[in-house]
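J.: Can you keep this structure in mind? I'll have questions shortly.
The values are calculated or read from the model by the stated rules, or taken from the named source; none is laboratory data. In this text, all values refer to a predicted model and were calculated from it rather than measured experimentally. All Cβ positions, glycine included, derive from the backbone under ideal geometry; neighbour counts span all protein chains shown. In case anyone asks, the SASA skips ligands and DNA or RNA and just uses the protein heavy atoms, side chains included. Shrake-Rupley method; radii C 1.70, N 1.55, O 1.52, S 1.80 Å.
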Amino acid sequence: MKRKKFYTSLALVSFSISLSSAVFSCTRLLHVDPNQGIMVGRNMDWFEEMQTKLVVYPRGITRSGSADTNPLKWVSQYGSIVATSYDLGTADGMNEKGLAVHGLWLDSTDYGQRNENIPGLSLMVSAFYYLDNFKTVDEAVHATQSGTFQMLPFYHPGTGKWIKVHWALEDASGDSAIIEYTDGQPKIYHSNNYTVLTNDPTYDLQLENLKQYRGFGGNKPIPGTNEASDRFVRAAYHGNHLPAFSSTNEAVAGILSVMQNVGAPFTLFRLDPTKIHRTIWRTIADLTHHVYYFNSTSNFTVVYAQLDKFSLQPGSPVMKLDLVKHPKLSGDMTDKFENASGKQ
């Protein structure tokens, strides 16, 4: 009876994976290094360049949830650095306490019907909500479970789709959480064992699928396609086999090597640019030392910024590094950020 139930479960996993889309593909990997601390890598896969800039926000910024009616409102308690998308919002960043957040596409997301009695939080600014208000994953999880806001999708004209994501959060202790929405309610997977995230199917089915592969209880060899389920297995496998690093540079290089392994090659995009997205950039957030790295796949560069060296006091200017106008920048750019308002 148990064996029959197990095979039925695997059949459901396989069916769900066959329905998943490789179009909107991103990957996140959390690594806890005994020498260098807590680092997390993320691939951004998209159908075009996103005019990405690095922006540092101080504390004390008044925010709105960008809902048409009854938006959630707050004032930021913590400064942060983010990689922006189209100057509209962000799906990736880290705050001054070492909390990081990453939004990855999940097509099976269901945010439910809008209840205008509950303050609304658009996905465009939801990363800011977590970065601005919480210093630990545990705090963020409790706030998400509280029911004090409603997460809302938004329409993206470029894709002709409503943007729907699940979130990965990590903090400087190595804690981790995956937040997904089904039937209008958040389903949260909270454990420092949850180090990998890709896309569809939902996280429970990804974990079930992982059990079929060598090193995770099964006999299947590590898969090699760009499907979300295969990237999940590969990231988990290579992440588990990262060595202890002797320097921060080695650790960054090691995580980048895994992120490159699970990236979407340009060759796939060339086969069908309307259906396959390529990896356009990668980030690595050093949650222990509060350093944020950015790697463009088009320009071969790695830039980074040390968040602790910025003025994050309320009233300090928002600082920006324009990677669109200056794509060839490389190395430590902490002192190259400019006042985003253009005023001195």
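J.: For the range 40-46, take each phi angle, set θ = phi - 60°, evaluate the Karplus expression 6.51 cos²θ - 1.76 cosθ + 1.60, and give the result in whole Hz per residue in order, putting x for glycine and proline.
T.: 9, x, 9, 9, 9, 10, 8
J.: Sequence-distant or interchain residues sharing an amide H contact under 5 Å with Q36, placed H: which?
T.: Amide H to amide H, under 5 Å and 5 or more residues apart or across chains, Q36 pairs with F245.
J.: Moving on to the next point. In nm, to one decimal, how far is the modelled label at R214 from the one at N35, with both set 7 Å along Cα→Cβ?
T.: Here the answer is 2.8 nm between the modelled labels.
J.: With only alpha-carbon atoms counted, please give the Rg and Dmax of the chain, in Å.
T.: 19.4, 72
J.: Roughly how large, in nm² to one decimal, is the mean projection of the convex hull of the alpha-carbon atoms in the range 186-344?
T.: Working: hull surface 51.6 nm².
The number I arrive at for the range 186-344 is 12.9 nm².
J.: I would also like to ask the following. Residue separation times 0.36 nm, minus the C-alpha to C-alpha distance between R114 and N192: what's the value?
T.: Length gained, R114 through N192: 24.8 nm.
J.: Just add up the charged neighbours of S108: K/R +1, D/E -1, any other residue whose Cβ is under 9 Å from the Cβ of S108. Don't skip to the answer; put the middle values down first.
T.: On the way: positive: K164; negative: D107, D110, E180, D200.
After counting each charged neighbour, the total is -3.
J.: OK, next. Measure out, as a whole number of angstrom, how far apart the alpha-carbon centroids of the range 96-137 and the range 143-171 sit.
T.: Using only Cα atoms, the two centres lie 5 Å from each other.
J.: Quick check on packing: order 80-92, 53-65 by the mean number of other C-beta atoms within 10 Å, highest mean leading.
T.: 80-92, 53-65
J.: Work out Dmax and Rg for the range 104-191 from the C-alpha atoms and quote the Rg first, both in angstrom.
T.: Reported Rg and Dmax, both Å: 12.9, 39.
J.: Name the residue from A236, H142, H31 whose Cα lies farthest towards the positive end of the charge dipole of the chain, charges +1 on Cβ of Lys and Arg and -1 on Cβ of Asp and Glu.
T.: About the Cα centre, the residue reaching furthest to the positive side is A236.
J.: Using only the Cα atoms of the range 57-166, what semi-axes does the equivalent ellipsoid have when each is the square root of 5 times a gyration tensor eigenvalue? Give whole Å, largest first.
T.: They are 21, 17, 14 Å, listed largest first.
J.: Calculated FRET efficiency, N70 and S246, Cβ-Cβ r, R0 56 Å, to nearest 0.05?
T.: Rounded to the nearest 0.05, the efficiency is 0.60.
J.: Give me the accessible area of K211, 1.4 Å probe, in Å² rounded to the nearest 10.
T.: It works out to around 100 Å².
J.: For labels at A340 and F154 in the simple 7 Å Cα→Cβ model, what's the distance in nm?
T.: Those two pseudo-labels are separated by 1.3 nm.
J.: Report the one residue of L106, S122, G89 whose Cα lies farthest in the direction of the positive end of the charge dipole of the chain (charges on C-beta: Lys and Arg +1, Asp and Glu -1; origin at the Cα centre).
T.: With unit charges placed on the Cβ atoms, the residue in question is L106.
J.: Moving on to the next point. Based solely on its DSSP helices, what 222 nm [θ] is calculated for the chain when runs of n ≥ 4 H residues each add -39,500 (n - 2.57) and the sum is averaged over all residues, nearest 500 deg cm²/dmol?
T.: -7000 deg cm²/dmol
J.: Please give the peptides 93-103, 34-44, 68-78 ranked by average Cβ packing (other Cβ atoms within 10 Å per residue), highest first, as a rough proxy for protection.
T.: 93-103, 34-44, 68-78
J.: Please give me the summed charge of the neighbours of L207: other residues whose Cβ is under 14 Å from its Cβ, Lys and Arg +1, Asp and Glu -1.
T.: Net charge around L207: -2.
J.: Compute the relative contact order of the chain as a whole-number percentage, counting only Cα pairs closer than 8 Å that sit 6 or more residues apart in sequence.
T.: Over the chain, the number comes to 24 percent.
J.: Of K73/K336; K161/K220; K135/K320, which ones are farther than 30 Å apart at the Cα?
T.: K73/K336; K161/K220
J.: Percent of Cα-Cα pairs per 5 Å bin, from 0 to the last occupied bin, for the range 85-124, please list those.
T.: P(r) over the range 85-124, rounded to whole percents: 5, 14, 19, 22, 22, 14, 4.
J.: Something else about it: If you project the alpha carbons of the range 140-245 onto their three principal axes, what span does each projection cover, largest first, in Å?
T.: If we take the Cα atoms of the range 140-245, the spans are 42, 36, 27 Å.
J.: What net charge is computed for the residues neighbouring N193, neighbours being all others with C-beta under 13 Å from the C-beta of N193, Lys and Arg scored +1, Asp and Glu -1?
T.: -2
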